[in-house]
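A short worksheet on the structure shown next.
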Amino acid sequence: MPPPVVVAACSASPARIPAFLARLKAQFPDHEVCAIAEFAPDAGTWIPYHPQWTLAENLARCRADLAGRPIAYTALMLEPRIPGRNLRWIAFRLRPLHCLFFNENLDHFLLRPRSAPQMVRHLLWRAGNWIRLQARPYAGWRKWLRRLARPAFRRALWLKWTRPLRWSGGGGGGQLRLLEGKGLRGTGPWRRQLRAVFLSALRGNPESLKELASAPVRLRRTPAEVDRALQELAMRTCVSEYEGRPTTGKPALVIAAPYAPFPLSHGGAVRMYNLMRRAADGYDQVLVVFTERFEPPPVELLRIFTRVIQVQRVGSHSRPLTGRPDTVEEFDQPAFHAALRAAVAEFCPGIVQLEYTRMAMYHADCAPARTILVEHDVKVDLYRKLLAGGESWEWRQQLERWRRFESEAWRRLDAIVVMSEQDRQTVGERGVVLPNGVDIERFAPSGESPEPARLLFIGTFGHLPNLLALEFFLNQVWPLLGDLRPALHVIAGREPGKQLRHYANRVSLDLDRDGIEVEGFVADVRPAYRRAAVVIAPLTASAGTNIKVLEAMAMGKAVVSTPAGVNGLDVRHDHDVLITAGPREMAGAIRLLLSDGERRRRIEAAARQTVVDRYDWDVIAERQAELYRKLRAGGGPV
């Protein structure tokens, strides 16, 4: 039977949460503390809480994450003016008779008859604080009276409750205060969209919003008219354009992507950049891409695109639980819809290419162009494999949503590009295989001798399967190699610490060990490959194909992998890679390669030849060009 835990509902201000969790840990030193919170705490096991979900959905998620572990106690904090009613209810519902109620001074009581004196003292103390607060000159009810005396505030209240939504001339300050508050709260999806656009505009360029608020004409519009007007506003405040190479009169090709193709910080960027660079000879390419902040694109992009259109993405850690996957909700931005439609109207492309599955929601903005969706990894396949490794309530929810979203996208778009024949069979008749590749001139063997017993793992921590792979290797394989005293070099991509905190409820990684060296984003990974004796790919779940494995093979490096690590690649065990099924087998394969130099060199030579024969970007780019020609001529997938 698993050991009991203490579950803490972090219904307190962020400054008080660490002290709250520390108090629980000190009070229950033999129990693990699980914290239900919006953000990962500094200590304890994190169970994510989503404010926009219902109480039942959050409660189901918490029970699934606890996975039947016995709960010794639950705890919550009764801090005033903190919006955490559902969070407190979760703690109470999980263990009602063993629920500890804390105040902001960390005094606490249980719902037991013997705790009645503490409960009475708490209520009296809270009532006294409220009376003292209301007696102050700046009490809340006095503030409301002063606000009601202002004409601008009365106009804001009138606008808030007047339907349909309307803008009135003059007095822009009242409308701006309305926007900054809750004046656009409503039940319809279009009204939620308005609030998102207005707030992003307010952050991006408040002056343009003031111009709209102070218009001399009183406007009364339908939701569709307001939506169009606000998307025009979003275009002025959330979109930035940069001119690149001169237009040549060649056919236009518009590419919509959630991430920039450069720098080459992850496998998707490597694929996009290499294929787009080769397609620039035949097309005037336009890139519409999300960005976290506006900054001039790298010169590498300006050399291959005639225009780069950046759309600022307004993200949120808390997304609604809808019928669509979380990442789809995250990347559904009104400004991007407007920017993509404007690019299609201006350049009249024959083809619009949507990179990554989540971008399929923008297919309606591409008309009348033919559309291609590039499935870097088939999400349905990925979540099936994740669930095969262990049941998860959240992954099960995501699988069902991705199944609905992807199946609809496969019916609507003209061609679906996948990485392997296995993925093409999943997608169906509109699928076409354009595998991942490698630049065989840039990634070439150096002839240098590697450092003895040096291992290399490359995988951005922003991709959950990479974290699961490293967790498997460090917990189950690394201890079996202790007598070799190996060195493990981990290249983890941008902001690895932030990504570890984001997935703290899924993965527990101890990287502070002897022999482990962790780096963030590395612009040129070739020196790391040259130093490594063996490259590992211990993935437990994967979809698509692993570009890092191809790069290692092109560098003439021996790769030890699980079956998931070489998913979709045409490679053979003990010929160009070593494919292992379990931790002991993987440890044995690493030992074999480190001790048998002749065998390692034979596998390295075969790996290089396999990449040259099958995975050269030039060959793949030719197949992509043929797909473009067929679609422009009115045909279907090759």
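The values are calculated or read from the model by the stated rules, or taken from the named source; none is laboratory data. On a predicted model such as this, the values are computed, not experimentally measured, just so you know. Here the Cβ positions follow ideal geometry from the backbone for every residue, glycine too, while neighbour counts run over all protein chains shown. Each accessible area value is taken on the protein alone, full model and side chains, heavy atoms only, with ligands, DNA and RNA left out. Shrake-Rupley method; radii C 1.70, N 1.55, O 1.52, S 1.80 Å.
For a quick check of your reading of the model, give me the residue pairs whose first member lies in the range 128-140 and is over 13 Å from Arg81 (Cβ atoms), whose second is of a type in the set (Lys, Arg) and modelled with pLDDT under 75, with beta-carbon atoms closer than 9 Å and at least 6 apart or on different chains.
Hits for this filter: Gln134/Arg142; Arg136/Arg142.
Tell me which residues, restricted to the range 272-294, are among the hydroxyl-bearing types (Ser, Thr, Tyr) and not in a loop (DSSP other than H, G, I, E, B). So that I can check it myself, show each step before the final result.
Let us first name the residues in the range 272-294 that are among the hydroxyl-bearing types (Ser, Thr, Tyr), namely 273, 283, 291.
Matches in the range 272-294: Tyr273, Thr291.
Please work out which residue is farthest from Arg16 (Cα to Cα), limiting yourself to the range 98-138 and to residues that are surrounded by 12 or more Cβ atoms within 10 Å (Cβ to Cβ) and among the basic types (Lys, Arg).
Arg121
What number goes with the only condition from (1) part of a loop (DSSP other than H, G, I, E, B); (2) within 24 Å of the chain's Cα centre (by Cα) that Glu451 does not pass?
With (1) part of a loop (DSSP other than H, G, I, E, B); (2) within 24 Å of the chain's Cα centre (by Cα) applied to Glu451, the lone miss is (2).
Test of understanding: among Leu97, Leu111, which residue is more than 19 Å from His50 (Cα to Cα) and touching a Cys at 6+ places or on another chain (Cβ under 8 Å)?
On the way: Leu97 fails: touching a Cys at 6+ places or on another chain (Cβ under 8 Å).
Residue meeting the stated conditions: Leu111.
From the set of residues in the range 323-377 that are among the charged types (D, E, K, R) and surrounded by fewer than 21 Cβ atoms within 10 Å (Cβ to Cβ), which is modelled with the lowest pLDDT? Even if it seems obvious, please write down each step before you answer.
First, pick out the residues of the range 323-377 that are among the charged types (D, E, K, R): 324, 326, 329-330, 332, 341, 346, 355, 358, 365, 370, 375, 377.
In the following step, the residues that additionally are surrounded by fewer than 21 Cβ atoms within 10 Å (Cβ to Cβ) were identified as 324, 326, 329-330, 332, 341, 346.
Values: Arg324: 87, Asp326: 83, Glu329: 86, Glu330: 86, Asp332: 89, Arg341: 92, Glu346: 93.
Filtering first and then ranking leaves Asp326.
Just to be sure before I move on: is Arg341 in contact (Cβ under 8 Å) with a residue 24 or more places away in the chain, in a helix (DSSP H, G or I) and basic (Lys, Arg) in the structure I sent?
Criteria met by Arg341.
Cβ contacts < 9 Å: first residue closer than 15 Å to Ile440 by Cβ and in contact (Cβ under 8 Å) with a residue 60 or more places away in the chain, restricted to the range 598-623; second residue assigned to a helix (DSSP H, G or I) and of a type in the set (Asp, Glu), any location; separation 6+ or different chain. Result?
If the second residue must be assigned to a helix (DSSP H, G or I) and of a type in the set (Asp, Glu), the pairs left are Val611/Glu551.
Could you tell me how many of the residues in the range 360-373 are touching a residue at least 60 places away in the same chain (Cβ under 8 Å) and aliphatic (A, V, I, L, M)?
Initial filter on the range 360-373 (touching a residue at least 60 places away in the same chain (Cβ under 8 Å)): 362, 366, 369-370, 372.
Then drop every residue that is not aliphatic (A, V, I, L, M), which leaves 369, 372.
Final tally of qualifying residues: 2.
Taking the range 24-41 only, how many residues are under 14 Å from Asn505 (Cβ atoms) and open to solvent by 50 Å² or more (accessible area, probe 1.4 Å)?
Step one: of the range 24-41, the residues under 14 Å from Asn505 (Cβ atoms) are 32-41.
When the remaining residues are screened for being open to solvent by 50 Å² or more (accessible area, probe 1.4 Å), the result is 32, 38-39.
Here the count works out to 3.
Would the range 412-422 turn up any residue that is under 20 Å from Asn546 (Cβ atoms) and open to solvent by 30 Å² or more (accessible area, probe 1.4 Å)?
Yes, the conditions are met somewhere in the range 412-422.
Ala60 fails exactly one of the following numbered conditions: (1) surrounded by 20 or more Cβ atoms within 10 Å (Cβ to Cβ); (2) within 28 Å of the chain's Cα centre (by Cα); (3) in a helix (DSSP H, G or I). What is the number of that condition?
Only one criterion is unmet by Ala60, namely (1).
Just one of (1) open to solvent by 30 Å² or more (accessible area, probe 1.4 Å); (2) closer than 29 Å to Ser542 by Cα; (3) part of a helix (DSSP H, G or I); (4) small (Gly, Ala, Ser) trips up Ala260, so point out which.
(3)
Within the range 378-411, track down each residue that is surrounded by 15 or more Cβ atoms within 10 Å (Cβ to Cβ), free of Cβ contacts under 8 Å to residues at least 40 places away in the same chain and farther than 30 Å from Cys62 by Cα.
Of everything in the range 378-411, just one residue is surrounded by 15 or more Cβ atoms within 10 Å (Cβ to Cβ), free of Cβ contacts under 8 Å to residues at least 40 places away in the same chain and farther than 30 Å from Cys62 by Cα, namely Trp410.
Scanning for something touching a Gly at 6+ places or on another chain (Cβ under 9 Å) and within 28 Å of Thr540 (Cβ to Cβ), does the range 587-601 turn up at least one residue?
Checking the range 587-601: not a single residue is touching a Gly at 6+ places or on another chain (Cβ under 9 Å) and within 28 Å of Thr540 (Cβ to Cβ).
Are any residues in the range 385-427 touching a strand residue (DSSP E or B) at 6+ places or on another chain (Cβ under 8 Å) and either aromatic (Phe, Trp, Tyr) or not in a helix (DSSP H, G or I) (or both), and if so, which ones?
Hits for the range 385-427 are Trp410, Leu413, Asp414, Ala415, Ile416, Val417, Val418, Met419, Ser420.
Being open to solvent by 40 Å² or more (accessible area, probe 1.4 Å) and either without any contact (Cβ under 8 Å) to a residue 60 or more places away in the chain or of a type in the set (Asp, Glu) (or both) is the filter here, so list the residues in the range 516-551 that pass it.
Glu517, Val518, Glu519, Asp524, Pro527, listed by residue number.
What are the residues in the range 492-535 that are touching a Ser or Thr at 6+ places or on another chain (Cβ under 7 Å) and closer than 23 Å to Arg600 by Cα, if any?
Scanning the range 492-535 gives a single hit, Arg530.
Which pairs turn up if I take residues in the range 428-455 that are among the basic types (Lys, Arg) and open to solvent by 70 Å² or more (accessible area, probe 1.4 Å) and look for partners that are at pLDDT 90 or above and in a loop (DSSP other than H, G, I, E, B) with beta carbon separation below 8 Å, at least 6 apart in sequence or on another chain?
Listed by first residue and then by second, the contacts come to Arg430/Leu413; Arg430/Asp414.
Tally the residues that are of a type in the set (Ser, Thr, Tyr) and either on the phi > 0 side of the Ramachandran plot or touching a Pro at 6+ places or on another chain (Cβ under 8 Å) (or both), restricting the search to the range 594-620. Step through it out loud before you land on a result.
Quick first cut of the range 594-620, residues of a type in the set (Ser, Thr, Tyr) only: 595, 610, 615.
Still in the list and also either on the phi > 0 side of the Ramachandran plot or touching a Pro at 6+ places or on another chain (Cβ under 8 Å) (or both): 615.
Of the residues in the range 594-620, 1 are of a type in the set (Ser, Thr, Tyr) and either on the phi > 0 side of the Ramachandran plot or touching a Pro at 6+ places or on another chain (Cβ under 8 Å) (or both).
Would you check which residues across the range 266-290 are buried (at least 19 other Cβ atoms within 10 Å of the Cβ) and not hydrophobic (A, V, I, L, M, F, W, C) and list them?
Scanning the range 266-290 gives His266, Gly267, Gly268, Arg271, Tyr273, Asn274, Arg277, Tyr283, Asp284, Gln285.
Anything in the range 82-141 that is acidic (Asp, Glu) and either at pLDDT below 85 or within 37 Å of the chain's Cα centre (by Cα) (or both)? List them, or say none.
So the first thing to find is which residues in the range 82-141 are acidic (Asp, Glu), and the list is 104, 107.
If the condition is that a residue be acidic (Asp, Glu) and either at pLDDT below 85 or within 37 Å of the chain's Cα centre (by Cα) (or both), then Glu104 is the only one that fits.
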